[in-house]
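The values are calculated or read from the model by the stated rules, or taken from the named source; none is laboratory data. This one's a predicted model, so the numbers in the text were calculated from it and none came from an experiment. Every residue, glycine among them, receives a Cβ derived from its backbone with ideal geometry; neighbour counts consider all protein chains shown.
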Amino acid sequence: MDKVVDLYLNNSATRQKWEDFLKKLGIKDFSEREVDTIDHTFGLVDEDNKLVGTGSVAGNVLKYIAVCNEDATSGARFNKIVTTLQQYLFNEKIFHMFVFTKAKYSDSFQHLNFTELAKTKEAAFLESGTPNVLDYMRSLPKISDQENKQVGAIVMNANPFTLGHRHLVELASQENDLVYVFVVASDLSLFKTDERMQLVKEGLKDLKNVKVVSGNDYLVSSATFPAYFLPSPKDLIDQQTAIDAQVFKNIIAPPLYINRRYVGKEPLSMTTHYYNVSLAHELGPTVDVITIPRMEVDNKVISATEVRQLIKSGDLTDLAKLVPVTTEQFIKDNLATLQERIKKGQYIKNGN
């Protein structure tokens, strides 16, 4: 009879045993980006104390699920690992969870009452529990006669909200009856989700046809999209873009009557540029992707990355050139807290 055990990955011997097991099953990415987000890991051991299955949770995301598939018990083992992870989250008062997995395993999760949100040739994105995507969509504000309006959308991390972000939204606001600004929900950013939401709302409050809403768990950032099960790092941007686009095109855009999505032209990051190009391909022709030239100051594009570097250095001389007054004041009031997050290892180099 197989037994569920806790695996503590901070123990080097346990970590090595765990990695060796996963490598045999084709999972080879154990980068800090993937492993450091894990909150807890379980193992499944047989009567000989041999590891025959494992699964982890990172926030409300299930990760690194794998079972020994040498015999007919693999299905039962898979079910046991997944239900163990679900019970762990229930005990933590988390009743809504997600999994990103290889496409071929989507059916297995659906047999355990997961709902498929998006699927590509390589990957699938599923959820279970409540509140679910239907609850999320019902929570988003609408205006009267919206089905006959021109509706645009922008998805941003806003880490933090800059004058460049403001410029993009202003242009979209002028071209549409209504604009949704979706703020990516990820506390892996220097500025926490609630802080970013607050700064975006304050920075746009004068634009009456703009609604700032949380992307919740449905607009996935590259920071939270797991890549450990993909063949190569290049596949990360391909699969993240495809999953993002499917969720946006098939779930979010239709009930809100969104037919335009705005992005900023990306001269600094090839990864983001490639994402924008891929996004246009994936969303079209249902949703037009409109690329807007980035706002410049002193012959340089405004970048949230530069703002974070100023925070790190403590030299805020040029801050007012880059961010709205509301963001500037927040940074000055919370400089010590932000610098402490950076000292503790918060990654600040990439991302807008």
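Observations
- Filter pass, residue 330 being of a type in the set (Phe, Trp, Tyr) and either without any contact (Cβ under 8 Å) to a residue 12 or more places away in the chain or over 24 Å from residue 125 (Cα atoms) (or both): yes
- Residue match in the range 223-236 (condition: at pLDDT 95 or above and outside any strand (DSSP E or B)): no
- Number of residues in the range 172-201 that are of a type in the set (S, T, N, Q), surrounded by 18 or more Cβ atoms within 10 Å (Cβ to Cβ) and more than 23 Å from the chain's Cα centre (by Cα) equals 2.
- Output for the range 202-221, where each listed residue is surrounded by 21 or more Cβ atoms within 10 Å (Cβ to Cβ) and outside any loop (DSSP other than H, G, I, E, B): 203, 204, 210, 212
- Here 279, 322 are screened, and the one residue that is crowded, with 18+ Cβ neighbours inside 10 Å and either in contact with a Lys or Arg (Cβ under 6 Å, 6 or more places away or on another chain) or within 22 Å of residue 124 (Cα to Cα) (or both) is 279.
- The number of residues in the range 55-86 that are touching a Gly at 6+ places or on another chain (Cβ under 8 Å) and of a type in the set (D, E, K, R) comes to 3.
- When residues of the range 145-197 are limited to those that are in a loop (DSSP other than H, G, I, E, B) and of a type in the set (Lys, Arg), the one farthest from residue 287 (Cα to Cα): 192
- Scanning the range 60-73 for residues that are buried (at least 16 other Cβ atoms within 10 Å of the Cβ), polar (S, T, N, Q) and either farther than 24 Å from residue 217 by Cα or in contact with a helix residue (DSSP H, G or I) (Cβ under 6 Å, 6 or more places away or on another chain) (or both) yields a total of 1.
- Listed by first and then second residue, the pairs linking a residue in the range 127-150 that is under 14 Å from residue 251 (Cβ atoms) to a residue that is exposed (fewer than 15 other Cβ atoms within 10 Å of the Cβ), with Cβ atoms under 6 Å apart and 6 or more places separating them unless they lie on different chains, are 127/115; 137/255.
- Selection within the range 157-198 - closer than 18 Å to residue 288 by Cβ and not polar (S, T, N, Q): 168, 169, 171, 172, 175, 177, 178, 179, 180, 181, 182
- Assessment of the range 68-91 against the conditions (small (Gly, Ala, Ser), farther than 23 Å from residue 235 by Cβ and in contact with an Asp or Glu (Cβ under 9 Å, 6 or more places away or on another chain)) yields at least one matching residue.
For every residue, the table says whether it meets (1) farther than 30 Å from residue 55 by Cβ; (2) among the hydroxyl-bearing types (Ser, Thr, Tyr).
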| residue | (1), (2) |
| --- | --- |
| 227 | no, no |
| 234 | no, no |
| 242 | no, no |
| 250 | no, no |
| 264 | yes, no |
| 272 | yes, yes |
| 283 | yes, no |
| 286 | yes, yes |
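- Extreme residue, surrounded by the fewest Cβ atoms within 10 Å (Cβ to Cβ), among residues of the range 36-59 that are under 18 Å from residue 98 (Cβ atoms) and of a type in the set (A, V, I, L, M, F, W, C): 38
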